[in-house]
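Visitor: Attaching a single structure in structure tokens format; questions to follow.
The values are calculated or read from the model by the stated rules, or taken from the named source; none is laboratory data. Note that this is a predicted model, so its numbers are computed, not measured. All Cβ positions, even for glycine, are placed from backbone atoms using ideal geometry, and neighbour counts span all protein chains on display. For the accessible areas, the whole protein counts, side chains as well, though only heavy atoms, and no ligand, DNA or RNA atoms are used. Shrake-Rupley method; radii C 1.70, N 1.55, O 1.52, S 1.80 Å.
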Amino acid sequence: MPMLPPIDRRDFLRIQAGAAIGLALPFNTAEATTPAKSKSVILVNLTGGMSHIDTLDMKPEAASAIRGEFQPIATTVPGLHLCEHLPRLAQRMKHWSLVRSLSHGENGHLPGTHRLLTGATMPNQRNTDLDNVLSRRDWPCYAAALNHLRPRHDGIPSGVTLPHALIEGPLTWPGQHAGFLGPNNDPMLVTQDPNSPNFRMDTFALPEGLEPGRVEGRRGLLERLDSVASTDPAFRGHQERAFELLSSGRVASAFRLDLESAKLRDHYGRNQFGQSLLLARRLVQAGVPIVQANMGIVQTWDTHVDNWGRLKTRLLPWLDQGLAALIDDLEASGLNDQVFVAALGEFGRTPKISNLPGETIPGRDHWARVYSGLFSGAGVQGGRVIGKSDRIGGHPVSDPFTPFDVGATIYQVLGVAADAELRDALGRPTRVNSGTPMDVLFQNR
């Protein structure tokens with residue numbers, strides 16, 4: 001593949017805002033997808049890497065330099081314990097499979113996040129973060145690949161990322177868009193806090209007094225003009241998607257959080273985590289195949305400093321309430337069998353507690369050798385622990401699962417065949433994913 005230049009964050013946001021989503025060109029779609037089996041996915045991204053040792057895989061018998069400050073509590077699953085700051089999840093573990101043997105070899109935030117969001121390694125990975133920012137040489141994210149393999153024209157995007165892009169300073173995290181598949185396959189990007197009283201997505205609603213028939217009339221006029229004028233295909237694709245969004249109205253309605261009861265919104269938590277998860281539920285209910293819900297800005301869970309203070313005062317209470325409410329809501333609405341929920345970060349944290357130079361409050365460093373994730377819905381058999389780490393939470397002692405396997409599982413849930421292929425910038429066929437689906441999640445044993 002040619003060495004394409006990176007796309008800067010300003011261009012990324014401009015493209016996303018202008019395009020919302022793109023129009024895909026199908027490749028081998030009849031063989032690459034199995035729509036009858038497809039379901040929806042909510043990927044809960046614990047950006048920065050949540051400490052598995054202090055949350056989902058505690059080691060209370062380990063030395064003080066490893067075990068940390070928190071205490072384990074019992075759950076509704078006999079023998080399974082979680083952190084004391086996850087009491088709501090503890091009461092709902094019959095709905096979750098907890099995987100404690102996730103593992104890979106990349107401790108850097110940017111390439112690690114690329115693996116999480118795409119299920120693939122970075123093509124042409126470089127040595128520095130500045131060289132690994134978002135670019136059109138990235139592997140496509142799940143929504144982009146799905147849109148390419150199974151394009152749709154019903155006004156429903158193939159994917160939505162919310163409540164913001166992953167950007168910090170000069171760095172825009174890779175793996176967030178369609179990469180080499182091009183901007184016509186980029187997922188829709190929400191750049192507002194759904195917990196804000198001013199949260200509105202009027203861009204996708206028809207102006208008052210404008211009827212759908214008039215929109216179709218304008219669309220026909222543009223098509224006639226395009227037939228006699230040269231129009232950039234990418235721009236034309238954006239126009240088509242915009243018309244489809246406006247004509248459908250289903251997406252615009254999904255963004256109307258004000259239509260939910262105050263009681264339900266309170267149940268999720270009046271914070272960015274909770275309201276983002278509620279919005280994710282509304283979007284999959286409206287037909288969006290995959291929603292990526294970022295739990296914080298980049299490195300929110302990157303607890304090098306004040307690990308326990310940050311976890312107990314905000315991160316874990318918000319996540320605990322939001323995930324518990326999501327499971328309750330999916331059960332109550334009958335969506336649990338149709339929506340696969342995966343909650344994990346790009347890696348975990350080191351077993352050994354440490355201090356950054358010049359810092360007095362300790363934390364934990366990056367650790368990809370073993371970490372944990374939660375999985376539920378779409379046939380996942382809950383109430384189980386899958387995999388095991390060693391006595392200090394440093395390495396898997398059972399068969400490991402990689403981000404590529406998580407990706408293969410997501411594609412399987414979405415109805416994408418295991419041998420589905422994409423074509424890179426040079427037209428070369430390549431498999432969309434090299435991992436193995438985590439079938440153990442769905443096996444009743």
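Visitor: If a residue has to be modelled with pLDDT of 95 or more, open to solvent by 20 Å² or more (accessible area, probe 1.4 Å) and outside any loop (DSSP other than H, G, I, E, B) to count, how many in the stretch 107-147 make the cut?
Guide: So the count comes out to 1.
Visitor: For the list (1) β-branched (Val, Ile, Thr); (2) part of a helix (DSSP H, G or I); (3) within 20 Å of the chain's Cα centre (by Cα), I need the number of the one condition that Val291 fails.
Guide: Of everything listed in (1) β-branched (Val, Ile, Thr); (2) part of a helix (DSSP H, G or I); (3) within 20 Å of the chain's Cα centre (by Cα), Val291 misses just condition (2).
Visitor: Now a separate question. Scan the stretch 158-193 for residues that are of a type in the set (A, V, I, L, M) and touching a His at 6+ places or on another chain (Cβ under 7 Å) and jot them down.
Guide: Start the filter on the stretch 158-193 by keeping residues that are of a type in the set (A, V, I, L, M), which leaves 160, 162, 165-167, 171, 178, 181, 188-190.
Listed by number, the list holds a single entry, Leu181.
Visitor: Shifting gears a bit: Given the condition open to solvent by 50 Å² or more (accessible area, probe 1.4 Å), more than 25 Å from the chain's Cα centre (by Cα) and at pLDDT below 95, answer yes or no: does some residue in the stretch 29-44 qualify? Talk me through it step by step, then tell me what you get.
Guide: Pass one, the stretch 29-44, residues open to solvent by 50 Å² or more (accessible area, probe 1.4 Å): 30-31, 34-37, 39.
In the following step, the residues that additionally are more than 25 Å from the chain's Cα centre (by Cα) were identified as 30-31.
Now drop any that are not at pLDDT below 95, which leaves 30-31.
Checking the stretch 29-44: at least one residue is open to solvent by 50 Å² or more (accessible area, probe 1.4 Å), more than 25 Å from the chain's Cα centre (by Cα) and at pLDDT below 95.
Visitor: From the list Asp186, Asp154, pick out the single residue that is at pLDDT 95 or above and acidic (Asp, Glu). It would help to see each step written out before you state the result.
Guide: Values: Asp154 fails: at pLDDT 95 or above.
On inspection, the qualifying residue turns out to be Asp186.
Visitor: Is it the case that some residue within the stretch 145-163 is under 19 Å from Leu283 (Cβ atoms) and without any contact (Cβ under 8 Å) to a residue 40 or more places away in the chain?
Guide: If we filter the stretch 145-163 for residues that are under 19 Å from Leu283 (Cβ atoms), which is where we start, we get 145-147, 150-163.
Now narrow it down to the ones that are without any contact (Cβ under 8 Å) to a residue 40 or more places away in the chain: 152.
Within the stretch 145-163, one or more residues are under 19 Å from Leu283 (Cβ atoms) and without any contact (Cβ under 8 Å) to a residue 40 or more places away in the chain.
Visitor: Has the stretch 81-89 got at least one residue that is basic (Lys, Arg), within 24 Å of Ile410 (Cβ to Cβ) and at pLDDT 95 or above?
Guide: Kept after step one, since they are basic (Lys, Arg), are these residues of the stretch 81-89: 88.
Keeping just the survivors that are within 24 Å of Ile410 (Cβ to Cβ) gives none.
Within the stretch 81-89, not a single residue is basic (Lys, Arg), within 24 Å of Ile410 (Cβ to Cβ) and at pLDDT 95 or above.
Visitor: Return the pair list, or none, for Cβ contacts closer than 6 Å from residues in the stretch 284-311 that are more than 28 Å from Asn336 (Cα to Cα) and buried (at least 20 other Cβ atoms within 10 Å of the Cβ) to residues that are modelled with pLDDT under 95 and among the charged types (D, E, K, R), at least 6 apart or on different chains.
Guide: What qualifies is Val298/Glu168.
Visitor: Those residues that are open to solvent by 80 Å² or more (accessible area, probe 1.4 Å) and part of a loop (DSSP other than H, G, I, E, B), I need them from the stretch 422-436; list them, please. Steps first, please.
Guide: Filtering the stretch 422-436 down to residues open to solvent by 80 Å² or more (accessible area, probe 1.4 Å) leaves 423, 426, 428, 431, 434, 436.
If the condition is that a residue be open to solvent by 80 Å² or more (accessible area, probe 1.4 Å) and part of a loop (DSSP other than H, G, I, E, B), then Leu426, Arg428, Ser434, Thr436 are the ones that fit.
Visitor: Where in the stretch 324-414 are the strands (runs of 3 or more DSSP E), entirely inside, with at least 2 residues that are within 19 Å of Met295 (Cα to Cα), among the aliphatic types (A, V, I, L, M) and touching a residue at least 60 places away in the same chain (Cβ under 8 Å)?
Guide: Numbers: elements: 339-344, 371-376, 384-386.
Passing ranges, in order: 339-344.
Visitor: Something else now. Counting only residues that are farther than 23 Å from Ser97 by Cβ and of a type in the set (Gly, Ala, Ser), which one in the stretch 321-376 is most open to solvent (accessible area, probe 1.4 Å)? Give the derivation first.
Guide: Of the residues in the stretch 321-376, the ones farther than 23 Å from Ser97 by Cβ are 350-366.
Then keep just the ones that are of a type in the set (Gly, Ala, Ser); that gives 354, 358, 363.
Values: Ser354: 47, Gly358: 83, Gly363: 0 Å².
Among those that are farther than 23 Å from Ser97 by Cβ and of a type in the set (Gly, Ala, Ser), it is Gly358.
Visitor: Which of the residues that make up the stretch 166-178 are in contact with a Lys or Arg (Cβ under 6 Å, 6 or more places away or on another chain) and either open to solvent by less than 20 Å² (accessible area, probe 1.4 Å) or closer than 15 Å to Gly119 by Cβ (or both)?
Guide: Initial filter on the stretch 166-178 (in contact with a Lys or Arg (Cβ under 6 Å, 6 or more places away or on another chain)): 167, 172.
Thr172 - this is the single residue of the stretch 166-178 that is in contact with a Lys or Arg (Cβ under 6 Å, 6 or more places away or on another chain) and either open to solvent by less than 20 Å² (accessible area, probe 1.4 Å) or closer than 15 Å to Gly119 by Cβ (or both).
Visitor: Can Ser354 be described as more than 16 Å from Asp302 (Cβ to Cβ) and among the small types (Gly, Ala, Ser)?
Guide: Numbers: more than 16 Å from Asp302 (Cβ to Cβ): no; among the small types (Gly, Ala, Ser): yes.
For Ser354, the condition - more than 16 Å from Asp302 (Cβ to Cβ) and among the small types (Gly, Ala, Ser) - is not met.
Visitor: If the requirement is being more than 19 Å from the chain's Cα centre (by Cα) and aliphatic (A, V, I, L, M), which of these qualifies: Leu162, Leu130? Let's see the steps before the verdict.
Guide: Details: Leu162 fails: more than 19 Å from the chain's Cα centre (by Cα).
Just one listed residue meets the conditions, Leu130.
Visitor: Please determine whether any residue of the stretch 84-104 is without any contact (Cβ under 8 Å) to a residue 40 or more places away in the chain and open to solvent by 10 Å² or more (accessible area, probe 1.4 Å).
Guide: Here is the first cut: in the stretch 84-104, the residues without any contact (Cβ under 8 Å) to a residue 40 or more places away in the chain are 84, 90.
Then keep just the ones that are open to solvent by 10 Å² or more (accessible area, probe 1.4 Å); that gives 84.
Yes: one or more hits.
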